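Read the structure below first, then the notes.
Derivation of every value follows stated rules applied to the coordinates shown; laboratory data play no part. In this text the structure is predicted, and so the values were computed from the model without any measurement. For neighbour counting, all protein chains shown are included, and Cβ atoms are generated from backbone atoms with ideal geometry for every residue, glycine included.
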Amino acid sequence: MIVSFGKARDEDILQLNRLLLASKNFMFKQGITQWNTHYPSEENIKTDIFKGKLYVLRDEASKIQCAGSITLVNESETIKAYQLQRIMTNPLESGKGLASRLIQEMEELAKLNKVNKLNSSTSKKNIMMQKTFKKNNFVKIGEFFDPTREVAGVFFKYHKFL
């Protein structure tokens, strides 16, 4: 059972690296190529922690079960958005709503900080994440191709106004 939501800490790096590796392996077995051996990396985790952008869900044993990063983007004078990235869930807990819970917690954080929009994206092949966005009332607004991650193929862009 999840008991807390909060920022990741330096002492979480080892646990987060294990979660990242497990998530990458799970996605690879599902045929999802949006992540690879180079992205995301331990360096991404360290940078997100240092910048205070990485948030986690912990269980009663303080084990991290789900994590993701938030980047504040000022889209205009009136629209402040959080870009949600690198959402990863313990594969042993997959399908139990942890990514949804993380997104809902991030949404509450956005409201507290007067952020009025959430943005994210996922691979066309990542059906589970697409369903998670739909379940949380995100709207698919387009697609794009990232030339630096050619093997990942097409990505879908999502947003949600708060």
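Annotations
- Coordinate range of the alpha-carbon atoms in the stretch 2-161 per principal axis, descending: 40, 36, 28 Å.
- Proxy reagent accessibility, fewest Cβ within 10 Å first, across MET106, MET1: MET1, MET106
- Peptide ranges 87-93, 147-153 listed from the most packed, as the mean C-beta count within 10 angstrom indicates: 87-93, 147-153
- Residue pairs, from the table LYS117/LYS140; LYS7/LYS63; LYS53/LYS125, whose Cα atoms sit over 23 Å apart: LYS53/LYS125
- Local charge for GLU75 was computed over the other residues whose Cβ lies under 15 Å away, with Lys and Arg +1 and Asp and Glu -1, and equals +4.
- Its relative contact order, with pairs defined as Cα atoms under 8 Å and 6+ residues apart, puts the chain at 22 percent.
- Separation in nanometres of the label points that stand 7 Å from Cα toward Cβ, at ALA22 and THR47: 2.5
- C-alpha center-to-center spacing [the stretch 142-162, the stretch 63-129] in angstrom: 15
- For the chain, the mean residue ellipticity at 222 nm estimated from helices alone is -9500 deg cm²/dmol, where every DSSP H run of n ≥ 4 contributes -39500 (n - 2.57) and the total is divided by all residues, rounded to the nearest 500.
- Scanning residues 5 or more positions from ASN126 or on other chains, none has an amide H under 5 Å from its amide H, with H placed 1.01 Å from N in the peptide plane.
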